[in-house]
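Asks: Have a look at this one before I ask anything.
The values are calculated or read from the model by the stated rules, or taken from the named source; none is laboratory data. Remember, predicted model here, so these are calculated numbers, not experimental data. With ideal geometry, Cβ positions are generated from the backbone for all residues, glycine too; neighbour counts draw on all protein chains shown. The area values use the complete protein model at the heavy-atom level, side chains included, leaving out ligands, DNA and RNA. Shrake-Rupley method; radii C 1.70, N 1.55, O 1.52, S 1.80 Å.
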Amino acid sequence: MKRFRPLSPRSWFRPDSAGAPTAPTRADAAIQMYHCSKSYLAGSFALRDVSLEFGRGEFAFLTGPSGAGKTTLLELLFGAEHPSEGQIVVLGRNISRLGAAAVPRLRRRIGVVFQDFKLLPRLTVEENVALALDVLGTPRREARAKVFATLKQLGLQHRRYHHPLSLSGGEQQRVAIARALVNEPEILLADEPTGNLDADLTLEIMDLVVSTALRGTTVLVATHDLSLVDRYGKRSVRLEAGRVTEDHRPAGGVA
Amino acid sequence: MKRLTVLLLYFARTTLRGLRGSPVTTAVAILTISVSLVLVGAFDLLLRNMEDLLDDFGRDLHVTAYLEDGLADAEAEHLAAVLLTVEGVESVRPVSKDEALERFKSGMGADLLDGLDENPLPASIEIQLLPEQRTPAGMRIVVESIRGLPGIGDLGSGQDWVEGYLRALAVVRGIGVGLSFILAFAALLIVTNTIRLAVFARRDELDILRLVGASRAFTNTPFIAEGIAQGAAGGSLAVLLLFGIFHLVLPGLEFGFEVVLGSAPRFFHASEVLVLIGQGAALGLIGSVAALIGNARP
């Protein structure tokens, strides 16, 4: 059964704030952070007063040395952590005010890729990718078709009955990307996606991730590899000790 | 509707995979539950049989007034008429010496009294109580009010026996309830730990599922189903074991039961079997929910 949806609902969403200073929202912004801080221990900050905005379909690198707060920033965006201070609006939803039940619904609209792939060795490639559809209760036949189409885009369709450990590192990361993309997410977050890969595979994976943004998905890639930033000439946000120290937008780039 | 079917199928697959994935811990949990429920069920069965017996016994609970030897028939008839007016008495039935002898012979064998010249058995009047009076207390009232009436030698009733039986029943019930609580608690701990281990073994999968947007209900359901399945399997195994034990032990007991109490012990009815399996399932459910509480990772 398909439910009727009004046209262009996104622009109608207001942030879920109750009494708090209402964050201004823009219909074309996928991610908005206002004076966000995250502290795990009193007095020490993993992120400090970060205000950033990423548009729909925008591609951006998050750079900075280890411990700069890149991973924390991504974790805030998919609701794995809550900000200690500030407001975050992701796809029109105010993350800091989301109830426990709303976080999973938001995550279904966000794909996440990690350096260590996070694939389940017991499951086949196809089953790993299908996890993202199992969660939605997608009928099996439909799920298999979607998984096949996604694997095919990534050149992995012939590997679908293999187990992850029999695949190369680059192939495993492509499986992880397939899992992140199979639901056609509006945002793709990648935390050092090429950190475990050699130079050739790094470019292969990065080309794939960059092409995702061309299809309208907002893509954030955390990396400490500055050569990638130079190579792709995209927006790059530099974090140091939890603060934004540079937000470089190439001339003629998006946003 | 379709989505629900898909989800149910997914949960069934995941639950089966979980059970198959850790056969040893699953088997230990099922065995623990079944051993606990065998003991609980054995007490339950004993109690039910004892209660059934009490019901049977209560149905023909009556008082026998043995008449003094040499009482004339007219006097006996008068006595019977008097007894009928006593409150709580439903009916009376005189039993002559000859009839008592006949009953004894048919009950115990004809030749037991052959050596005697004279019939040693007294005449009696069997006093049937009104249904509401057929309790140890009700019987005591009737016995007290007819004791000492002229012509009555002795009074026989099952009163003492019933009172003793009720005390024994209370003791068995007390032990059964106490034991059930202890065993249920032990089984609960085992189930809780089994599910905790299963959650731990599958934490990577759970993290990934949460990452791709699984709700807590979605990730918890297979574990709860696993607990219920283990509990129900334990309950079913307990019923089978009890059935086996019952039919192994019964031939030895049956003779005693039949002679002393006049009825054979019974096994659980179908509905009682379902209750036992349901108790196992409930143990599994509570155990798995307990295991999942506190496992609140975002």
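Asks: Keeping every protein chain in place, order A:K146, A:K70 by accessible area at 1.4 Å, biggest value first, i.e. largest first.
Replies: Listed by decreasing accessible area, they come as A:K146, A:K70.
Asks: Can you tell me how much longer the chain between B:F181 and B:D55 gets when fully stretched, taken as 0.36 nm per residue apart minus their C-alpha distance, in nm with one decimal?
Replies: Computed gain between B:F181 and B:D55 is 42.6 nm.
Asks: For segment B:62-157, what does the alpha-carbon gyration tensor say about shape, rounded, prolate or oblate, given a ≥ b ≥ c as the root eigenvalues, a/c under 1.5 as rounded, and a/b over b/c as prolate?
Replies: prolate
Asks: Taking the Cα centre of chain B as the origin, how large is its charge dipole in debye, to the nearest 20, when only Lys and Arg (+1) and Asp and Glu (-1) carry charge on their Cβ atoms?
Replies: About 3800 debye.
Asks: Multiply the residue gap between B:A168 and B:D204 by 0.36 nm, knock off their C-alpha separation, and tell me the result in nm, one decimal place.
Replies: My answer for the length gained is 7.4 nm.
Asks: Springs between alpha-carbon atoms under 10 Å, Gaussian network over chain A: tell me which of A:D49, A:D116, A:D207 tops the mean-square fluctuations.
Replies: A:D207
Asks: Could you grab the Rg to Rh ratio for the protein assembly as shown? Cα atoms only, Kirkwood for Rh.
Replies: Checking Rg against Rh, the ratio lands at 1.32.
Asks: Then there's this: Take every residue in peptide A:128-141, count the Cβ atoms of other chains within 10 Å of its Cβ, and give the average of those counts.
Replies: Mean number of neighbouring Cβ atoms from other chains: 5.
Asks: Enter the accessible area per residue of the protein assembly as shown (Å², integer; probe 1.4 Å; all protein chains in place).
Replies: 51 Å²
Asks: Follow-up question, since we're still on this one. Tell me whether chain B comes out rounded, prolate or oblate; compute the Cα gyration tensor, take square roots of the eigenvalues as a ≥ b ≥ c, and use a/c under 1.5 as the rounded threshold.
Replies: In terms of gyration-tensor shape, prolate.
Asks: Accessible area of segment B:62-157 with a 1.4 Å probe: how many percent of it is carbon plus sulfur? Walk me through the numbers before you get to the answer.
Replies: Working: 3040 of 5740 Å².
The value for segment B:62-157 is 53 percent carbon and sulfur by accessible area.
Asks: Gap in Å between the Cα centre of segment B:11-57 and the Cα centre of segment A:155-185?
Replies: Computed from Cα coordinates, the inter-centre distance equals 45 Å.
Asks: Rounded to the nearest 100 Å², what's the accessible area chains B and A bury against each other, both chains counted, probe 1.4 Å?
Replies: Buried: approximately 1900 Å² between A and B.
Asks: Let me ask another. Starting from the residue with the highest accessible area, list B:I182, B:I30 in decreasing order, probe 1.4 Å.
Replies: Descending accessible area places them as B:I182, B:I30.
Asks: 7 Å from Cα along Cα→Cβ at both B:H269 and B:F104: what's the point-to-point distance in nm?
Replies: Here the answer is 4.1 nm between the modelled labels.
Asks: Also, I was wondering about something else. What spacing in nm lies between the two simple spin-label points modelled at B:L9 and B:I245, each 7 Å away from Cα in the Cβ direction?
Replies: 4.3 nm
Asks: Any idea what the relative contact order of segment B:62-157 is, in percent, if you count C-alpha pairs under 8 Å spaced at least 6 apart? Show your work: numbers first, answer last.
Replies: Working: 132 pairs, mean separation 49.8, N = 96.
This gives 52 percent for segment B:62-157.
Asks: Run the quick spin-label model on B:E87 and B:R147: label points 7 Å from Cα toward the beta carbon, then report their separation in nm to one decimal.
Replies: If labels sit at B:E87 and B:R147, their model points lie 1.8 nm apart.
Asks: Given 0.36 nm per residue, what is the gain on full extension from A:E53 to A:R231 after removing their alpha carbon distance, in nm? Walk me through the numbers on the way to the answer.
Replies: Details: separation 178, 0.36 × 178 = 64.08 nm, distance 2.29 nm.
Here the answer is 61.8 nm.
Asks: B:K2: which lysines have alpha carbons under 26 Å from its alpha carbon, excluding same-chain residues fewer than 8 sequence positions away?
Replies: List returned: A:K2, A:K146.
Asks: Take peptide B:3-16, look around each residue's Cβ out to 10 angstrom, count Cβ atoms belonging to other protein chains, and average those counts.
Replies: On the way: counts 5, 1, 2, 9, 5, 1, 3, 5, 0, 0, 1, 1, 0, 0.
Shielding by partners across B:3-16 averages 2.
Asks: Then there's this: Using a Gaussian network for chain B with springs between C-alpha atoms less than 10 Å apart, which of these wobbles most: B:D154, B:D44, B:D73?
Replies: Highest fluctuation of the listed residues: B:D73.
Asks: Something else about it: Could you please put A:S236, B:S157 in sequence from largest to smallest accessible area, using a 1.4 Å probe?
Replies: Heavy-atom accessible area, descending, gives B:S157, A:S236.
Asks: Please report the base-10 log of the normalised intensity I(q)/I(0) for chain A, using a Debye sum with one equal scatterer per alpha carbon and no solvent, at each q in 0.12, 0.13 (1/Å).
Replies: Rounded to two decimals, the profile gives -0.72, -0.85.
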